[in-house]
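Take a look at the structure below.
The values are calculated or read from the model by the stated rules, or taken from the named source; none is laboratory data. Just so it is clear, the structure is predicted and the values come from calculations on it, not from any experiment. When we count neighbours, we look across all protein chains shown, and the Cβ atoms used for this are built from the backbone with ideal geometry, even at glycine. For accessibility, only protein heavy atoms count, side chains too; no ligands or nucleic acids. Shrake-Rupley method; radii C 1.70, N 1.55, O 1.52, S 1.80 Å.
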Amino acid sequence: MKKVKLGVLPYIIVLCCLAFIIVKIRDIRLVDTSVQASSTDSLQLISSDEWNTLEQSTEKIKNETSLVIYDENNDNSISTYKNVEYVLTTMGVDVIPIKMTEQSKYTDISDYDTMIVCLESLGDLEYSSNKIKSWVKSGKGIYFTLPIQNDEYLQNYTDLLGIKDGSEISSIEYRNMTFTDDFLILAKDKVFYEETINGSGLKVELKDDVSIHAEEAEEEGNPILWNLEYGEGFVSVCNAYLLQDKVSRGIISAGYSELHNCYAYPVINSSMYCIDDMPSPIPTGYNEIIEQQYHCNMEDFYFNIWWPKMKGFVDKYGIKYSGFVIQTYEDDIEPPYDNKIYMETSKYYANALLSSGGELGIHGYNHQSLALEGFDYRDEEVNYKPWKSLDNIFEATRSVINYAKELAPNATVTSYVAPSNIISSYVQKEMEKNIPELKVYAGVYIGNESTMAQEFQAIENGIVYVPRTDSGMDISMDIQSDFLLYNELSYHYVHSNFFHPDDVLDVDRGAGEGFETLCQKFEELVKTLNSSGIRNTTVAEGGAAVQRYELTSCEQNFDDGTLELKVNGIKDEVYYFVRLNNGERIKNIEGAEYKKINDNYYLLKIKQKDVVIEME
């Protein structure tokens, strides 16, 4: 029989068959959801009815009373006072605000525990320096929150302020600052520049027994934050314009805590990582940046490189992702809202999120912010279409909620993030009343009225606000993010980051650094936060933590080396910081579990009313 030479044809056929099989296997991996992931939430949101009952029946204990004196005609004074009032109220302090012109109504200060001075000139205090000094010596606390003018009135207070020589006082313009100890969690030796601190302060030399927490990061190191004992009482000083804004609330809480031997206050204890537009329609074809780095198309990049890398951080560090679904990027704002072209791909990523311990939330039917005609976006670059009616908004939102449940039937969808963090406040209130599935609204901590700026807050009907505190895989691109991170760890013990899958394609969001560099920066952030001992949660779990934080308060009494707490508003468990000052250390605790964060901060996990802490 004559032999037929087939040459390379059989090999080509085999290779084609193998390629076809590989593609089919990959497709199966994308669409196979026969084994549905289940939600792993361990901390559950309190339901609307139960929240309303608990909120009405739980007494909020005010632990002590503080006079806060401010100048109603000075912008720095007003903003500092408002910031201080907010922080102290959440720490269980009964705040008595006093306008500078109304101090005569409070001539007897003996019954008050602390005084916060939000004034630039001590000549504006109507109480004599001797009266204030005697009051502090008797066991009270005073906090000077603004740089003090170098005038004739200052000389009467130099010993109270811990200044060594009143004749050597001058003025200094700040260019930077650094923390010298554990005043803020993880901030020791960190340097911050003019974006954080600017303006002037007193150039002074302090007495040897003064504890300096922050100073100018120069050779001479002019003191910026300090504390001292004065008789039986305490004095805290902020010698810079630092406390007017939300970014510095950790400094306020730490400085106030130092007016006591030790002080306890509730915290949230939650670190969250949000992936906006996840899952969403993945770009098809090739992107120049990705093709240069990885020599593949967009679908292969996200499937084979991006998600495995993101999942690796979950496996290595125990973090949890909250993904926020986009159904379509089409900008249609009128019904029908039924675009499901990318459902099969999205199913894979939705279930991958849940199986990794994360949650599925809502970003929007599309990426059009929820606002009606006439809304002021306050940003000329925003080009969103106004929606025609509330009914259309509700219909589109219900559509994407149902879509998310089709992607992952076992998902509990409770969290919402607005496109570009923009939503009309009117629309949001109507959403809260008409879309009962959504309980957690995650905006931003720093922003304006149009950018969904929020506090960490639980309100009526079980609605919770859980703002994000920084953005991007490389948070250093925002000059204030590091400073805010250390402050919020020390105040709320909370952190919430958000980023997008397409950050790697946008130069303004770090694409120029390359995906590997962005991953390195993100890993540094995760490692830093984990080193603080904070609990990793989803946004929904973070909302549940905020509810418990909002309910609780405590009465505290320190006597003869023992701190006794009577904790109110415990549904199941709550967390408190105990901040220790003056070298105190915990010897034993009854009624709570505890963990040392650093020499100043201890974290308590409390499940019962009475807690007794012995010091050594």
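Annotation: amide H of VAL68 within the under-5 Å range of ILE96, ILE98, ILE116, sequence separation 5 or more or interchain, hydrogens built in the peptide plane.
Using a Förster radius of 60 Å, what is the FRET efficiency between GLU173 and LYS607 based on their Cβ-Cβ separation? Nearest 0.05, please. With a Förster radius of 60 Å, E is 0.75. For the range 374-480, with all protein chains in place and a probe radius of 1.4 Å, 44% of the accessible heavy-atom surface sits on carbon or sulfur. For the cross-link pairs LYS433/LYS527; LYS62/LYS190; LYS316/LYS605; LYS188/LYS605; LYS190/LYS607, the ones whose C-alpha atoms lie over 28 Å apart are LYS433/LYS527; LYS62/LYS190; LYS190/LYS607.
Mean separation of Cα pairs under 8 Å and 6 or more residues apart, divided by the residue count, gives the chain a relative contact order of 16 percent.
Against the chain, whose longest principal axis comes from its Cα atoms, helix 481-491 is set at around 60 degrees. Accessible surface area normalised per residue over the range 512-606 is 37 Å², counting heavy atoms of protein chains with a 1.4 Å rolling probe. Packing, taken as the mean count of other beta carbons within 10 Å per residue, orders the peptides 356-366, 556-566 from highest to lowest as 356-366, 556-566. Backbone phi angles across the range 525-531, fed through the Karplus curve with coefficients 6.51, -1.76 and 1.60 (θ = phi - 60°), yield HN-Hα couplings of 4, 4, 4, 4, 5, 4, 5 Hz in residue order; Gly and Pro are listed as x.
Restricting the count to DSSP beta bridges whose residues both fall in the chain, what percent are antiparallel, rounded to a multiple of 5?
Here the share of antiparallel DSSP bridges comes out near 55 percent.
3J(HN,Hα) along the range 579-593, derived from phi through the Karplus expression 6.51 cos²θ - 1.76 cosθ + 1.60 where θ = phi - 60°, amounts to 9, 9, 10, 6, x, 5, 9, 7, 9, 7, 10, 10, x, 7, 8 Hz, with x in place of Gly and Pro. Given the C-alpha centroids of the range 151-176 and the range 301-315, what is the distance between them in whole angstrom? After rounding, the separation between the Cα centres reads 55 Å. Share of carbon and sulfur in the accessible area of the range 516-616 stands at 37%, probe radius 1.4 Å. Leaving ligands, DNA and RNA out of it, report the carbon-plus-sulfur percent of the accessible area of the range 174-234 at a 1.4 Å probe. It is 37 percent, rounded to a whole number.
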